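The values are calculated or read from the model by the stated rules, or taken from the named source; none is laboratory data. What you see is a predicted model; the values in this text were computed from it and never measured. Counting neighbours? That spans all protein chains shown, and the Cβs are built from the backbone with ideal geometry, glycine included.
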Amino acid sequence: MISSQLSDALHVLLHLAQSETAITSDALAVGLATNPVVLRRLMGGLRDAGLVSSGKGHGGGWRMDASLGQVTLRDVHLALGAPPLVSLGFREDRPECLVAQVVNESLQTSMQQAEAALLEQFGRITLEALYSRVYARFKSTTAAGLHTHYLLEGHHAPH
C-alpha cells in the first residue's frame, strides 16, 4: 500500500505556515479530504518532533512552531517515523533457492541505495523552499487570471 503521509504532512505544514492563527483538526482534515482522527494521528509525530503545537478550546488548533528555513523534508520524514520510501515485494517462499537469494539481495541493496539517495535529497530541501515555490506559483496563476487554491479556506470536502 502506498502511503501519502509525507505528502499530507508537508501539505499541512505549508498551510500552517500561511496562517497567523491556529487551525483546527477539522479544518485541516477537510483540506486533505480525510478524517480528523487520521489527521491528528499524522500530527502527533510532527508535534513530538517540535514542528507543530496544538491548543485546546476556543482559538485552539494546530500551529507551526519550527522555522521553515530550518526544517527539511528529511526532518518531516523522520518525524513521521521514517516509513520506507522505496518498497518492493520479495519472493520468500523458497529461501533455499539460489536464484531467489541473489534476486532478493540485489533488490534489497538497490532499494537501500535508492532510499539513501532520496534521504540525502530530502535533506537539501527546506519547507521555506517549498513555501517560496507555492507563493511564486500563486502569484503567476493569479496574474494569469486562473483560479487557484492557495489558502486552506479554498479547499473543500469532496462531493
Per the filter on segment 44-70, residues of a type in the set (A, V, I, L, M) and in contact with a helix residue (DSSP H, G or I) (Cβ under 7 Å, 6 or more places away or on another chain) are LEU46, ALA49, LEU51, VAL52, MET64, LEU68
So if I check each of VAL12, VAL52, VAL38, VAL30, which one is over 24 Å from VAL134 (Cα atoms), within 21 Å of the chain's Cα centre (by Cα) and among the aliphatic types (A, V, I, L, M)? VAL38
So, of the residues in segment 73-100 that are in contact (Cβ under 8 Å) with a residue 24 or more places away in the chain and over 11 Å from the mean Cα position of the chain (by Cα), which turns out to be surrounded by the most Cβ atoms within 10 Å (Cβ to Cβ)? LEU85
Please work out which one of (1) at pLDDT 90 or above; (2) more than 30 Å from ALA117 (Cα to Cα); (3) surrounded by fewer than 19 Cβ atoms within 10 Å (Cβ to Cβ) is the condition ALA33 fails and give its number. (1)
So, VAL71, is that one of a type outside the set (Ser, Thr, Tyr), at pLDDT below 90 and in contact with a Leu (Cβ under 9 Å, 6 or more places away or on another chain) or not? no
Of all residues making up segment 117-138, the number that are surrounded by fewer than 12 Cβ atoms within 10 Å (Cβ to Cβ) and over 21 Å from LEU51 (Cα atoms): 1
